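Chemist: Quick one: structure below, then a few questions.
The values are calculated or read from the model by the stated rules, or taken from the named source; none is laboratory data. Small disclaimer: the values here were computed from a predicted structure and weren't measured. Please note: Cβ atoms are built from the backbone with ideal geometry, for glycine as well, and neighbour counts cover all protein chains shown.
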Ligand SMILES: [Zn+2]
C-alpha cells in the first residue's frame, strides 16, 4: 500500500489528528478531494503515482487552517527536513539535527529581522475585504467600544471613488449605532447624494484637510476623555512608549481653539496646523488622525487616546523620560507597517463583529 515510509507516516498522522478531534473524517475527505481536483485541473496524470503527495498537501492545508501550526512554522519545518535529507548519507534514515535550523548563539543584524518580519507579514496577515462604507461603520463601532463616544460629537469620513465625494455617518447617530446602511455619500458641500437624513455640519473642516492633502483618504476626529484632558491643560502629546511611537514626530498641536468647526475658517486653521503629519491634538477640543487608509486612521485614533492616557498616568507618578530619536523613528516606522496596521484593524473589527455582525449591512 505504501511505496515509502513517509507515506505511511502521513497516513497515520491524518488518522491520529482526526481521532483527536482536530477535524472530522468527512472534512479530511473533502480536503483531499479538493487537492486531487486541483491536481487534475493542473493536468497531472490520474495514475495514482502522486496520491500521497496530494495526501500530504491536504494534511498541511488542514493543519494550517485549524491553527495547529502556522504556515511559517510549517515551511521552516519542511526546510529543516530538506536540509537534513541533503546532509544524510545514502541508505541512512533521515533525522532532524539537534541544532537546526538555528542555535541560541546565532546572532543576526536587526535589519535581517525587520526584513523577515515584513516579508512574513506580507505573506500571512489577514487582508480586510470590507467596502469603504463598511469600514466607516466598523471604525465607528470600534471607537465606541474604545471609549471615544461623546454623544453626537466626533466624525469619521472616507473619500469615495468619485472625486469630491465622501462617506460619513448620518448626522444624529452615535458611533455605536453605525452600520453600512446609515453611512451616507455626500459631495464636497456636504449635500447628501446617497442615504437618508442630513450630513454632519461639523464635517466641513474634514473637506479642508482633504483639499490640502490629496494623499489622505480617511479622517477620524473624536473627543475622547484623555485626549480632551490633555487638550484643556494645553499640553502637546509626548509619545515615549513603544506602543505609541507611531506618533513620534507625527502629531501636531493646535494651541488655540478656533471655535466649533462648522465654518471654513476653522477648516483652514486645522488643516494648516496638521501640516503633513498624521495626527493632531486640538486645544479645548480633541484629536484628529488623517491617513491614507481607514485602517490606519482607526488604529491611530485608538492609540492616540491610549497615548494620552499613558501620558497623564505617567505624569501623575513622575517625570516622563524621552526616548532616543533614532529608536523612536525606527519604532514609528515599524508600528506603521501597513500589514501590521491592517491586521490590528482586523483584530478590533472582529471584536465588534462578535457582538453585532449586523453593522456590516
Ligand atoms: Zn470635534
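Chemist: If I go through the stretch 96-105 residue by residue, how many of them are exposed (fewer than 10 other Cβ atoms within 10 Å of the Cβ) and modelled with pLDDT under 70?
Modeler: Counting residues in the stretch 96-105 that are exposed (fewer than 10 other Cβ atoms within 10 Å of the Cβ) and modelled with pLDDT under 70 gives 1.
Chemist: Kindly provide the set of residues from the stretch 231-252 that are within 27 Å of the chain's Cα centre (by Cα) and within 16 Å of the ligand (Cβ to nearest atom), ordered by number.
Modeler: 252
Chemist: Here's a follow-up. If I filter the stretch 292-304 down to residues being crowded, with 24+ Cβ neighbours inside 10 Å and touching a strand residue (DSSP E or B) at 6+ places or on another chain (Cβ under 8 Å), which single residue comes out as farthest from residue 229 (Cα to Cα)?
Modeler: Taking the candidates together, the pick is 294.
Chemist: Also, quick follow-up: Please determine whether any residue of the stretch 121-132 is under 23 Å from residue 336 (Cβ atoms), within 16 Å of the ligand (Cβ to nearest atom) and not in a strand (DSSP E or B).
Modeler: No; the residues of the stretch 121-132 include none that is under 23 Å from residue 336 (Cβ atoms), within 16 Å of the ligand (Cβ to nearest atom) and not in a strand (DSSP E or B).
Chemist: Say whether the condition of being over 22 Å from residue 313 (Cβ atoms), out of contact with any strand residue (DSSP E or B) (no Cβ under 9 Å at 6 or more places or on another chain) and more than 11 Å from the ligand (Cβ to nearest atom) is met by at least one residue in the stretch 218-228.
Modeler: No, the stretch 218-228 has no match at all.
Chemist: Among the residues of the stretch 276-289, are any in a helix (DSSP H, G or I) and either surrounded by 14 or more Cβ atoms within 10 Å (Cβ to Cβ) or in the same structural domain as residue 252 (by TED's automatic domain parsing) (or both)?
Modeler: The answer is no, given that none of the residues of the stretch 276-289 is in a helix (DSSP H, G or I) and either surrounded by 14 or more Cβ atoms within 10 Å (Cβ to Cβ) or in the same structural domain as residue 252 (by TED's automatic domain parsing) (or both).
Chemist: Quick check on residue 269: is it assigned to a helix (DSSP H, G or I) and within 16 Å of the ligand (Cβ to nearest atom)?
Modeler: yes
Chemist: Also, I was wondering about something else. Among the residues that make up the stretch 336-356, is at least one of them more than 24 Å from residue 138 (Cα to Cα), out of contact with any strand residue (DSSP E or B) (no Cβ under 8 Å at 6 or more places or on another chain), touching a residue at least 60 places away in the same chain (Cβ under 8 Å) and in the same structural domain as residue 150 (by TED's automatic domain parsing)?
Modeler: no
Chemist: Another question, if that's okay. For the condition more than 16 Å from the ligand (Cβ to nearest atom) and at pLDDT 95 or above, what is the one hit in 159, 116, 108?
Modeler: One residue alone meets the criteria, 159.
Chemist: When the residues of the stretch 185-205 are narrowed to those that are touching a residue at least 60 places away in the same chain (Cβ under 8 Å) and under 16 Å from residue 218 (Cα atoms), which ends up farthest from the ligand (Cβ to nearest atom)?
Modeler: Step by step, filter the stretch 185-205, then rank; the result is 204.
Chemist: Being within 16 Å of the ligand (Cβ to nearest atom) and out of contact with any helix residue (DSSP H, G or I) (no Cβ under 7 Å at 6 or more places or on another chain) is the requirement here; does residue 153 meet it?
Modeler: Yes: the conditions hold for residue 153.
Chemist: Separate question: For residue 112, work out the one condition from (1) in contact with a strand residue (DSSP E or B) (Cβ under 9 Å, 6 or more places away or on another chain); (2) within 30 Å of residue 65 (Cβ to Cβ); (3) surrounded by fewer than 16 Cβ atoms within 10 Å (Cβ to Cβ) it doesn't fulfil.
Modeler: (1)
Chemist: Next up: Within the stretch 253-262, is even one residue in the same structural domain as residue 212 (by TED's automatic domain parsing), within 12 Å of the ligand (Cβ to nearest atom), within 13 Å of residue 221 (Cβ to Cβ) and buried (at least 23 other Cβ atoms within 10 Å of the Cβ)?
Modeler: Within the stretch 253-262 (the criterion being in the same structural domain as residue 212 (by TED's automatic domain parsing), within 12 Å of the ligand (Cβ to nearest atom), within 13 Å of residue 221 (Cβ to Cβ) and buried (at least 23 other Cβ atoms within 10 Å of the Cβ)), the answer is yes, since at least one residue qualifies.
Chemist: Ok, one more. Please enumerate the residues belonging to the stretch 151-189 that are surrounded by 13 or more Cβ atoms within 10 Å (Cβ to Cβ), out of contact with any strand residue (DSSP E or B) (no Cβ under 9 Å at 6 or more places or on another chain) and more than 20 Å from residue 301 (Cβ to Cβ).
Modeler: 181
Chemist: Moving to a separate point now. Here are the criteria: (1) part of a loop (DSSP other than H, G, I, E, B); (2) modelled with pLDDT of 75 or more; (3) in contact with a helix residue (DSSP H, G or I) (Cβ under 7 Å, 6 or more places away or on another chain). Tell me which single one residue 56 does not satisfy.
Modeler: With respect to (1) part of a loop (DSSP other than H, G, I, E, B); (2) modelled with pLDDT of 75 or more; (3) in contact with a helix residue (DSSP H, G or I) (Cβ under 7 Å, 6 or more places away or on another chain), residue 56 is out only on (1).
Chemist: While we're here: Looking at 307, 340, 301, can you tell me which residue is under 15 Å from residue 237 (Cβ atoms), part of a helix (DSSP H, G or I) and under 15 Å from the mean Cα position of the chain (by Cα)?
Modeler: One residue alone meets the criteria, 301.
Chemist: Follow-up question, since we're still on this one. How many residues does the stretch 328-361 contain that are over 24 Å from residue 290 (Cα atoms) and touching a helix residue (DSSP H, G or I) at 6+ places or on another chain (Cβ under 9 Å)?
Modeler: Result for the stretch 328-361: 4.
Chemist: Out of the residues in the stretch 120-141 meeting the condition of being crowded, with 24+ Cβ neighbours inside 10 Å and under 14 Å from the mean Cα position of the chain (by Cα), tell me which one is nearest to residue 302 (Cα to Cα).
Modeler: Only one residue fits best here, namely 139.
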